[in-house]
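Report on one structure; see the data block that follows.
Read the figures in this text as sums done on the coordinates, not as results from a lab. Keep in mind the model is a prediction, meaning the values are calculated, not measured. Backbone-built Cβ (ideal geometry, glycine too); neighbour counts: all protein chains shown.
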Amino acid sequence: MGLLDPAPGALKVYVVGGGPGDPELLTVRGARLLAQARFVLYTGSLFPEETLRGLAPQAELVDSKGMVLESIVERLHYEAERGGVVVRLHSGDPSLYGTLLEEREALEALGVRVEVVPGVTAAFALAARAGVALTAPGVAQAVAFARLGVRTPVPEGQSPGALARRGLTLALYLSGMHPKTLARELLEAGLPEDTPVLFGHRVGQAGEEVGWSDLSGLGTLPPRDTTVYLVGEALKARGVRSRLYAPGFRHRFRRR
């Protein structure tokens with residue numbers, strides 16, 4: 001079933017999660033919307049323009065990286081009034097470390113409906129590249145998304161150091177320019193030096209780099225933006241087994 005444009009007279013903007021930059025990691029719905037789009041506002045510093053031109057061949061493409069919120073909302077409102085499929089493309093997933101809340105609130109105040117399409121976030125793309133799990137039975141059953149409070153502070157108790165504890169898997173964003181600071185904070189929080197660290201730079205894009213380190217080596221990694229870190233014992237867990245498929249584990253779909 002194809003996607004439908006907004007009803008005549010209705011104003012609508014689709015906020016689409018573009019994933020990490022690999023066009024094959026877009027959702028089917030996101031790819032269909034881009035293919036049908038008349039206008040796409042995207043962040044060129046995070047999503048490759050050459051990839052987007054292949055996904056949205058009919059669309060006018062405008063890079064938002066030099067814009068402020070007010071000009072973004074004004075342009076999206078204007079394009080919604082012109083009709084057709086209007087897409088605000090966010091890198092990764094719109095619900096994580098983006099501007100979804102303020103854009104949606106401002107657009108809805110102008111009478112523009114906003115529909116959000118989820119995307120693959122970089123932490124999941126990084127885990128997939130390395131073939132690792134973020135949770136492991138008996139090792140880690142919790143994952144926390146966090147970032148350093150460098151230019152923008154984080155609420156009390158939500159810094160990487162405050163969240164860090166042995167067994168919890170951390171997905172660390174917006175911290176790639178400060179590996180030494182991050183390593184120091186996690187070590188001071190009590191994580192062992194040999195805690196596994198998986199890092200990914202430009203995951204899903206040209207020039208992708210994925211590699212392993214540990215907390216003792218994290219501070220020696222080069223400072224680079226668009227780098228994501230995964231930290232925790234679950235990343236290198238071995239010899240664990242879920243109860244879900246254990247022969248003696250009963251549930252409503254399997255009899256003993």
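Place the peptides 79-86, 232-239 in order of packing, highest mean first, counting for every residue the other Cβ atoms within 10 Å and averaging per peptide. The partial results should precede the final answer.
Numbers: 79-86: 18.9, 232-239: 17.1.
Going by the mean number of other Cβ atoms within 10 Å, highest first, we get 79-86, 232-239.
With Rg and the Kirkwood Rh both taken from Cα atoms, where does Rg over Rh land for the stretch 171-221?
On the way: Rg = 11.2 Å, Rh = 11.4 Å.
Ratio of gyration radius to Kirkwood radius: 0.98.
In percent, how large is the relative contact order of the chain, given Cα pairs closer than 8 Å and 6 or more residues apart?
On the way: 487 pairs, mean separation 48.7, N = 256.
So the answer I get is 19 percent.
If you add up the charges near R202, with Lys and Arg at +1 and Asp and Glu at -1, over every other residue whose beta carbon is less than 11 angstrom from its beta carbon, what do you get? Don't skip to the end; give the middle numbers.
Working: positive: R224; negative: D22, E208, E209, D225.
So the environment of R202 carries a net charge of -3.
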Where in the chain are the DSSP H helices whose alpha-carbon span along the long axis reaches 30 Å or more and whose Kyte-Doolittle mean is at least 1.0? none
Per DSSP helix of 4 or more residues, -39500 (n - 2.57); summed, then divided by the residues of the chain. What does that give at 222 nm, rounded to the nearest 500? -7000 deg cm²/dmol
Checking the cross-link filter: which lysines have an alpha carbon closer than 26 Å to that of K65, excluding same-chain neighbours under 8 positions apart? K12
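In square nanometres and to one decimal, what's the mean projected area of the convex hull around the Cα atoms of the stretch 114-176? Write down the numbers at each step before the final one.
On the way: hull surface 25.0 nm².
About 6.3 nm², averaged over all directions.
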Which of V139, T227, G18 sits closest to the plus end of the dipole of the chain, meaning its Cα is farthest towards the positive end, when Lys and Arg get +1 and Asp and Glu get -1 on the C-beta? V139
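I'd like the per residue volume of the convex hull spanned by the Cα atoms of the stretch 1-134, given in cubic angstrom.
Details: hull volume 14.5 nm³, N = 134.
Hull volume over Cα atoms, normalised by residue count, gives 108 Å³.
Just need the relative contact order of the stretch 175-240 here, percent rounded to a whole number, with Cα pairs under 8 Å and 6+ apart. Mind showing how you got there, number by number?
Values: 105 pairs, mean separation 28.4, N = 66.
Once divided by the residue count of the stretch 175-240, the mean separation gives 43 percent.
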May I ask for the net charge around P118, where only other residues with Cβ less than 10 Å from the Cβ of P118 are counted and Lys, Arg are +1 while Asp, Glu are -1? 0
Please list, short to long, the whole-number percent of alpha-carbon pairs of the stretch 116-256 in consecutive 10 angstrom bins beginning at zero. 11, 40, 31, 12, 6, 1
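Can you tell me what percent of all Cα-Cα pairs in the chain are more than 25 Å apart?
It works out to 51 percent of all Cα pairs.
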